[in-house]
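The values are calculated or read from the model by the stated rules, or taken from the named source; none is laboratory data. Since this is a predicted model, take the numbers as computed values, not measurements. Cβ: placed from backbone, ideal geometry, glycine included. Neighbour counts: every protein chain shown.
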Amino acid sequence: MHSLFWKLFLTMWLSIVGFAAAIGWLNDTLAREQWAEEPVDSFERGIFRIGQRAQQALHMDGRRGLRDELLNIPRMTRGHIYVVDGAQREVLGRDDALRQLMERGTPMETTEFQDAEGAGFTMYTVRRTPPSTILAPGPRGTALRLAAAALISALISYFLARSLATPLEALRKASRKIAAGDLGTRVSQAMPQRHDEIGQLAADFDAMAARLEAMQIANRRLLQDVSHELRSPLARMSVALEIARKKGAGPIESELDRIGLESERLGTLVNDVLGLLRESSESGQQADEDIDLNELLADLVDVVNYEVKPGMPGIAWAPAEPGVLRGNRELLWRAVENLLRNALRHTDPARGVRLSLERGRRKGELRIVVRDFGSGVPEGELEKIFEPFYRVQESRDRNSGGHGLGLSIAANAVRRHGGSIRAENAPDGGLVVTISLPLHNP
Amino acid sequence: MHNTLLLADDDIELCALLKEYFESEGFDVRLAHDGLEALEELRKPGLDLVVLDVMMPEVNGLDVLKELRRDSRLPVIMLTARGDDMDRILGLELGADDYVPKPCNPRELLARIRAVMRRAHGPAEHGLIQVDDLELNQGNRTLRMAGEAVELTSTEFSILLTLLQHRGEVVSKRDLYMSALGREPVPHDRSVDMHVSNLRRKLGADPAGENRIETIRGIGYQYRVA
């Protein structure tokens, strides 16, 4: 478990147990000393004196005086003195208590005496008993007390430590999720009853997450609306362009071509932006299906290879590791397709692109590896190529087509399937992009 | 003779431009700007092809298509938002012949219209093709299965025809695109797969209880020889 929990738990528990042990030890020692200081005789002498006073009272005031005298004795001590009359009746009516003492075989001393009229009475005195076993001082009692203290304090410490450590753990997980881009994460529903500082922290955290999410949604909405609105004028423009061409462009033909090309690029850009937005927001709502990765990749290679110039190697692919995955077929398709198209754009056309499906290092993990034979990516930019609109400088200069969205669309789709994507430069040149996908989606 | 198109799209300005463009290419063009207008226009005779935008007010394009397909095999080309795979797949499943992602290049739209039309209304070849319990009439492009008429869209008919003409051989997807849609496959294109899956649904198993159309992975499809 988490270390804060153990720190709190052990600190509290050990200090409570230590405290209990110290108290127990002190108590024990003191009790022993006290016992030793009070000699047995002093108690016996006290009882003896009480007995004598009771006899005198009997003589002077008869049975009533005896009763008063006995009732005057403090309660604790009274239990040590019983007086039985000639009819075998205890004068205070405590026959049952006396009988129990006798049955238990409690050692008692008896004294016979008479009242003024000569009627006989018997006085039973009980010796002081040592403290009872469980509470008795000595190693056994101490061990028992310590065990009880340890158990109770362990329970208390456990719940206290947990009540502090668990919400912190929840907060930590939530902030990680936020950092990973899941802005819908909230924590306070996990601790609804808390109104202390931790509860307030959770509420503040949620407020922060909600604000971030709202800002992100507003940004997306703006981008989406702008992109969407751009489509209609673009569509009209391209029709108008065709009409212009038909009306006889003549000397401006090449300019019209240029306008056509640029508006087509703009159209692709707008569509890719919309696609990216759609995938990262709505994809979670689409139903998952079982996907045979081998089949998907084979179909995909087929489609992409249609567009490779005849005579060029295109994409080399050999079906391999069998793997069925639960997920969204269209998203995965698009993810790998973007990688392949990107690779084809940058590779040495004579050497093509290699695609493979491999078993991952971890159990239940598959990897889709796309390798090209181009010039690779500067080491410092390997992470950034998955950011939207990021393009390596060289690729900007060459205007190789694309606007830096393909890889981020791929990365989004992979993340949606609980996987990861990574790029590295091959030692002998070219870029290797690896998608790792867990077979069993969490 | 001029072919007549119905163009159903809610962008009025775009429709006007497309109308001018298609008219200059020799079509008669009727316009509809929402689903209800489209349904109304579809009831009038004389149409040869419909270009149907999915996103329309009142009744969306998919519902218009569903309504149309109850009793008509009129060729339909859907305009879908690019990247919206659900619309595209649903459209093909509901019996659209082809689709063009928006915003579309008008030349491409024109090419698809011509390709679909050529197959639907082109010079009819004559003759019957009989395979197992199927009877294809190339003259009126109808199919009877065990004597019962089966409604096929024009594109489904073309695909089945091609497969039956090459019975027992694998027909590549590219060939099916060329013969049924008159075009090359494009990125993200699964039109032929959708048409084949519609065909499978409509035809069911063959008399021996086997799948009639087999998928040959990475290549194409094959009509099984009994």
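Values for this structure:
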{"quantity": "Selected residue [under 26 Å from A:N412 (Cα atoms), assigned to a helix (DSSP H, G or I) and among the small types (G, A, S)] from A:A165, A:A154, A:A174", "calculated": "A:A174"}
{"quantity": "Selection count, segment B:184-205, where residues are surrounded by fewer than 19 Cβ atoms within 10 Å (Cβ to Cβ), more than 18 Å from B:M78 (Cβ to Cβ) and more than 13 Å from chain A (Cβ to nearest Cβ)", "calculated": "5"}
{"quantity": "Any hit, segment A:221-241, residues being more than 30 Å from B:E108 (Cα to Cα), out of contact with any helix residue (DSSP H, G or I) (no Cβ under 6 Å at 6 or more places or on another chain) and either within 14 Å of chain B (Cβ to nearest Cβ) or part of a helix (DSSP H, G or I) (or both)", "calculated": "yes"}
{"quantity": "Entirely in segment B:13-103, the strands (runs of 3 or more DSSP E) that have 1 or more residues that are at pLDDT below 85", "calculated": "B:76-81, B:98-102"}
{"quantity": "Out of B:H33, B:H2, sole residue that is farther than 19 Å from B:R70 by Cα, surrounded by 15 or more Cβ atoms within 10 Å (Cβ to Cβ), in contact (Cβ under 8 Å) with a residue 24 or more places away in the chain and more than 13 Å from every other protein chain (Cβ to nearest Cβ)", "calculated": "B:H33"}
{"quantity": "Residue among A:F19, A:F48 that alone is surrounded by 12 or more Cβ atoms within 10 Å (Cβ to Cβ), part of a helix (DSSP H, G or I), among the aromatic types (F, W, Y) and at pLDDT 85 or above", "calculated": "A:F19"}
{"quantity": "Residue match in segment B:12-22 (condition: more than 17 Å from B:G95 (Cα to Cα), β-branched (V, I, T) and within 14 Å of another protein chain (Cβ to nearest Cβ))", "calculated": "yes"}
{"quantity": "Odd one out for A:D290, checked against (1) touching a Lys or Arg at 6+ places or on another chain (Cβ under 7 Å); (2) within 8 Å of another protein chain (Cβ to nearest Cβ); (3) charged (D, E, K, R)", "calculated": "(2)"}
{"quantity": "Residue list for segment A:157-176, restricted to those being free of Cβ contacts under 8 Å to residues at least 60 places away in the same chain and more than 13 Å from A:S3 (Cβ to Cβ)", "calculated": "A:F159, A:S163, A:P167, A:A170, A:L171, A:K173, A:A174, A:S175, A:R176"}
{"quantity": "Tally, over segment A:177-220, of residues that are among the small types (G, A, S), farther than 19 Å from A:F5 by Cα, in a helix (DSSP H, G or I) and at pLDDT below 85", "calculated": "2"}
{"quantity": "Filter pass, B:R167 being in contact (Cβ under 8 Å) with a residue 12 or more places away in the chain and either under 23 Å from B:R112 (Cβ atoms) or surrounded by 16 or more Cβ atoms within 10 Å (Cβ to Cβ) (or both)", "calculated": "no"}
{"quantity": "Single condition B:A38 does not satisfy, out of (1) surrounded by fewer than 23 Cβ atoms within 10 Å (Cβ to Cβ); (2) among the hydrophobic types (A, V, I, L, M, F, W, C); (3) in contact with a helix residue (DSSP H, G or I) (Cβ under 7 Å, 6 or more places away or on another chain)", "calculated": "(1)"}
{"quantity": "Residues of segment B:215-224 classified as within 14 Å of another protein chain (Cβ to nearest Cβ) and either over 11 Å from B:E169 (Cα atoms) or surrounded by 14 or more Cβ atoms within 10 Å (Cβ to Cβ) (or both), total", "calculated": "6"}
{"quantity": "Test: A:S356 is without any contact (Cβ under 8 Å) to a residue 60 or more places away in the chain, over 33 Å from the mean Cα position of the chain (by Cα) and within 30 Å of A:A218 (Cβ to Cβ)", "calculated": "no"}
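Rundown of residues vs (1) farther than 26 Å from B:K66 by Cα; (2) away from every other protein chain (no Cβ under 14 Å); (3) modelled with pLDDT of 80 or more; (4) touching a helix residue (DSSP H, G or I) at 6+ places or on another chain (Cβ under 9 Å), yes/no style:
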position: B:I113; (1), (2), (3), (4): no, no, yes, yes
position: B:N140; (1), (2), (3), (4): no, yes, no, no
position: B:L143; (1), (2), (3), (4): no, yes, yes, yes
position: B:A146; (1), (2), (3), (4): yes, yes, yes, no
position: B:S158; (1), (2), (3), (4): no, yes, yes, yes
position: B:G182; (1), (2), (3), (4): no, yes, yes, yes
